[in-house]
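Report on the structure given below.
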Amino acid sequence: MDLLGGLNPEQREAVTHLHGPLSVVAGAGSGKTRVITHRIANLIAHGVPAEAILGVTFTNRAAKEMQERVWVLTGGAGPTLATFHGFCARLLRIEAEAIGRRVDFTIYDASDALDLVKTLSKELSLDEDLASPWSLMDHLSSKRNARPDEPHTWSGKRWPTVDDDIARFEAAYDERLKTSNAFDFDSLLTESVRLLETRPDVLARWRTRLTHVLVDEFQDTNWPQYRLVRLLTGGSGNLCVTGDPDQSIYTWRGADPRNFVDFKADHPGAKEVVLAQNYRSTNHILRCASAVMTPVSGRVPKNLWSDLGDGEPVRIVHFTDDRDEAQAVAQAVLEFEGDGFARDEIAIMFRVNALSLPVERALLERGVRYRVVGGPEFFGRQEVKDLLAYLRLLANPLDGQALLRIINVPARGLGDRTVDALAAEARRQGRPLAEIIAARAWPTTLAKKATGSLDAFASLLDRLSDETEGAGPGATLEAVLTHTGYAAWWSGRASKGHSQDPLRNVGQFLAFAHEAEDSLKIDLRTFLEQTTLLGDRDGDDRDKVTLLTVHAAKGLEYAAVMLVGVEDDLIPHANARLSPGGLDEERRLLHVAMTRARRRLVLTVAGRRVRFGREQAALPSRFLRDLPSNDVETYGDVRPAWTLDEDEGETSGSRVVREASDDPDDPLLALRPGSTVRHPEYGNGTVIRIRSRHLGLDASAVVRFGDGSERTLILRWAKLMVIDAGGDDASGDYDF
C-alpha cells in the first residue's frame, strides 16, 4: 500500500520522520489522525516491530479508530494503541509488585472515589460546610496533576487547623487506597510515574520494550502524562507529540498547554511540522478562526487555509433580546433546510448550557426535533427536575414520587433510614406518605433529631401550600425558592468547586415560569403539563438538530453552526479574569467552536439576556472586533443601549454593564447600604451589605432588623419593600 499517496507536503514530512523527537502542530481539520496512523504504518514498513510502538490518546473511541485504521494500512499489525489510563493499568498489572501492590488490584471510578472521600471525611470529622467531599476530590486531583515546581495547597475556605486537617485527609486517602489494593484514575498515572522513576530496572525493561511513543491530542495532557511518556522515551528520544495548542480548552480539568513548551525545552533538536491546511472548512471561516487566536502571545504561528474556496462570509447577527434570538435561531434551521442543509448537519452551540432553554422552546414550537450532546435536555437536568418536583407536589399533594425526590433537597437531615421508616409507617397505616407527613404521624421509633427535621419539613410544606394557593407557576416557584433556600444551596455548592450552570438553569427556569404566568396566563397545572410534554423526547436521533456546549463540540464537525450568545461575560466568560491565561483559553474556546463549521457559521449577540433569573443588558464579545471585516457580514441593530463603567481592554477582565434607564422599582438597582426595608416576616431593617449586585439571581443583602438580628436575603425572592432607598454608596459595604 502506498502510505504517502494523497498526503500534502507537511503531512508527508511528518509521516516519513522515522527516528528522533517530533512535534506535529496540527490545526483544526488538518488530518491529524491520518498523519498519526500513516506514521505508525510507515514505521512498521521500515522495520520497527509493531509491538515496540505505543500510541496514546484520551478516549477509547479515538484509540479504537486509530487501531482500525492501522489494521487496514498494515494488514493487521497490532501496535499498542490505548488511552493513558488504559496503558497505565496494563503497566501496573505487570509491575505493581515493584511498588508494593498486588497485580489483582481494583480500579475505582469517580463514583467509587467520591464514596471513599465521603467515608474518610466522616471518619476525620471534617466539616462539610468547610470542606465538602466534592471540593476534597477536586483538591486531590489538582494536587496530583500539578507540576512539582508548583506546590498545590488547599484553596477553599480556611479554618484554624486547615493545613493539618487536609494533610491528614490526603494521607488517609492514599493509605486507604493502598490497604484496599486499589487505584483511582489519577493514581493510575501518578503511581506509574513513581514506578518508572524509582525502579531503574523496570524503566529499562519498558524502554527496551517500547522504542517509539506517539501522543495524540498533546494539548490535553497534564504533567504526569507528559512525564510518563518522557520517561519511556528518555533513552531513544523517539517521542512524537501531535496536537494543537489553539484547541487546549480543558485546563479546568488538568490539561496543561505548557507541555508543548516543555517538549521543546526537553528536545532542543526536535523536528517541528505545522499542519495548517484544513480539509473541513471554507476560508472565510478559517480566517476568522485564525484571527481570534492572533493576539495570544507565545503561540506557534499558524494561519489555517483550505482549497475549498472562500465560501460564505461568517454572519454576526445582533438581536434585541434572547427571545428574539431564540426565535430567529429556530427559524434559521428551517431556512437552512431550504438551502440544502440536512437537520443532523446543523448544530446550535452555547458557551453555557443555561442558554439552551429559549432555543429548545422555539424549536419545539416549530416542530423541529433536536438532540442534546453531552448532557440531558433542559427539563432533564437535576436542578430543574428538583424544582418541578416541588411544583408537582404543590399542585398534587399526594404525588409520592415528587415528595421522595425533594424530602431531603436541599439537605435537611432526612436520610434514607428516616425515609424508609416513614414509608413503612405509611404502609402500616394504609395512608399515602404525604398524609403521614401532613398529620405529623411519625413512627415512635424515630430519633428526636429526625422528628425535629420532619416537623420543620411539614411546616415548610404547609407554608408553601398556604402561600401559593391559586398562584401561577412564576409566583409558586418564587415561593419555593424563597422558603427552601434551593438557589442559595446551589450557590454554596458552586463556591465549593461545582459548576455555576445549575444556578443559571434555575434562573432560566424561573424566567420561563414567569413568562408562562404573566404573558401566556397559564396556571400551574397547565404549566406542569406543558413542561412534561417539552421533556418527553423520543430516542431516535435521525433528522434532529444538535444542541451542545462548545466544550462538548471538541472533535465534532457540522455543515452549519450557530453559536449563540457571543457576548462578554459569556465568551469570554465572566470568570476568565479570575485565572491567569483565562482570556486566552476563552479565545481557544471560540476558535474551537468556529472550526466545527464546514460551510456556514453564524454568531449571535443579544442586547438583553436573562442571566441568573433576571434580564440584563449584554455587550458583544470583545473577541468579535478581531474578526477580519472582509470575512464577515453583520446584521441587526448594533447600537448599544448601555454605557461602560470600566475600560473594555483585553486585560480588564469582565466589563460591568449599567442600564441607561435604571428601574427605580427594581430592588436590585434601588437598594444600597443604608437603605431602609421592610420584610413580611422580620419587619423593618437596614441594609448593611450588598453582595454580587450585578449577578442577579445570586445577589443578596445582609439586613439588620429591629431585634438586632442580621439575615442574609437573596434579593430576587426576599419580597423586600423599599421604604427609603436613601443610603450612601460611598460609605456602604459592597462585595462584588
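Residues in region 572-607 that are of a type in the set (A, V, I, L, M, F, W, C) and in a helix (DSSP H, G or I): Ala574, Ala576, Leu578, Leu583, Leu589, Leu590, Val592, Ala593, Met594. Just for region 194-237: of the residues that are among the polar types (S, T, N, Q) and open to solvent by 20 Å² or more (accessible area, probe 1.4 Å), which one is nearest to Tyr108 (Cα to Cα)? If we take residues in region 194-237 being among the polar types (S, T, N, Q) and open to solvent by 20 Å² or more (accessible area, probe 1.4 Å), then Thr198 is nearest to Tyr108 (Cα to Cα). Taken over region 38-61, residues that are outside any strand (DSSP E or B), polar (S, T, N, Q) and closer than 21 Å to Arg230 by Cα amount to 1. The set of residues from region 87-123 being basic (Lys, Arg), surrounded by fewer than 13 Cβ atoms within 10 Å (Cβ to Cβ) and touching a residue at least 24 places away in the same chain (Cβ under 8 Å) comprises just one member, Arg102.
Considering Gly607, Gly636, the condition of being modelled with pLDDT of 90 or more and farther than 20 Å from Gly298 by Cα is satisfied by Gly607 alone. Within the option set Gly474, Gly470, being closer than 22 Å to Leu388 by Cβ, touching a helix residue (DSSP H, G or I) at 6+ places or on another chain (Cβ under 6 Å) and modelled with pLDDT of 85 or more holds for one residue only, Gly474. Scanning region 341-395 for residues that are among the small types (Gly, Ala, Ser), open to solvent by 10 Å² or more (accessible area, probe 1.4 Å), farther than 19 Å from Ala511 by Cβ and in a helix (DSSP H, G or I) gives a single hit, Ala395.
Across region 66-107, which residue is modelled with the lowest pLDDT among those that are among the charged types (D, E, K, R) and closer than 20 Å to Pro224 by Cβ? Checking each candidate, the answer is Arg101. Taking the stated definitions as given, is Leu126 surrounded by 19 or more Cβ atoms within 10 Å (Cβ to Cβ) and part of a loop (DSSP other than H, G, I, E, B)? Criteria met by Leu126. Under the condition of being farther than 23 Å from Trp223 by Cβ and either under 31 Å from the mean Cα position of the chain (by Cα) or not β-branched (Val, Ile, Thr) (or both), the residues counted in region 40-59 number 10. Among the residues making up region 66-86, those that are open to solvent by less than 60 Å² (accessible area, probe 1.4 Å) and either assigned to a loop (DSSP other than H, G, I, E, B) or without any contact (Cβ under 8 Å) to a residue 60 or more places away in the chain (or both) are Gln67, Val70, Thr74, Gly76, Ala77, Gly78, Pro79, Leu81, Ala82, Thr83, Gly86. Taking region 545-575 as the range and being in contact with a Gly (Cβ under 8 Å, 6 or more places away or on another chain) and open to solvent by less than 10 Å² (accessible area, probe 1.4 Å) as the test, the residues that pass are Leu548, Ile571, Pro572. For region 284-301, a residue qualifies if it is on the phi < 0 side of the Ramachandran plot and either open to solvent by 10 Å² or more (accessible area, probe 1.4 Å) or small (Gly, Ala, Ser) (or both), and the qualifying residues are His284, Arg287, Ala289, Ser290, Ala291, Thr294, Pro295, Val296, Ser297, Arg299, Val300, Pro301. Screening Glu191 against (1) assigned to a helix (DSSP H, G or I); (2) open to solvent by 70 Å² or more (accessible area, probe 1.4 Å); (3) of a type in the set (Asp, Glu) leaves a single unmet condition, (2). Criterion applied to Ala204, Ala171 was being free of Cβ contacts under 8 Å to residues at least 60 places away in the same chain, under 30 Å from the mean Cα position of the chain (by Cα) and in a helix (DSSP H, G or I), and the one residue passing it is Ala171. Restricted to region 488-506, and to residues there that are under 18 Å from Ala389 (Cβ atoms) and in contact with a Lys or Arg (Cβ under 8 Å, 6 or more places away or on another chain), the residue that is modelled with the highest pLDDT is Asn505. The set of residues in region 427-446 being touching a residue at least 12 places away in the same chain (Cβ under 8 Å) and on the phi > 0 side of the Ramachandran plot consists of Arg440 alone.
The values are calculated or read from the model by the stated rules, or taken from the named source; none is laboratory data. Note that this is a predicted model, so its numbers are computed, not measured. Don't worry about glycine lacking a Cβ; one is built from the backbone with ideal geometry, like all the others, and counts go over all protein chains shown. Accessible surface areas use protein heavy atoms only, side chains included; no ligands, DNA or RNA. Shrake-Rupley method; radii C 1.70, N 1.55, O 1.52, S 1.80 Å.
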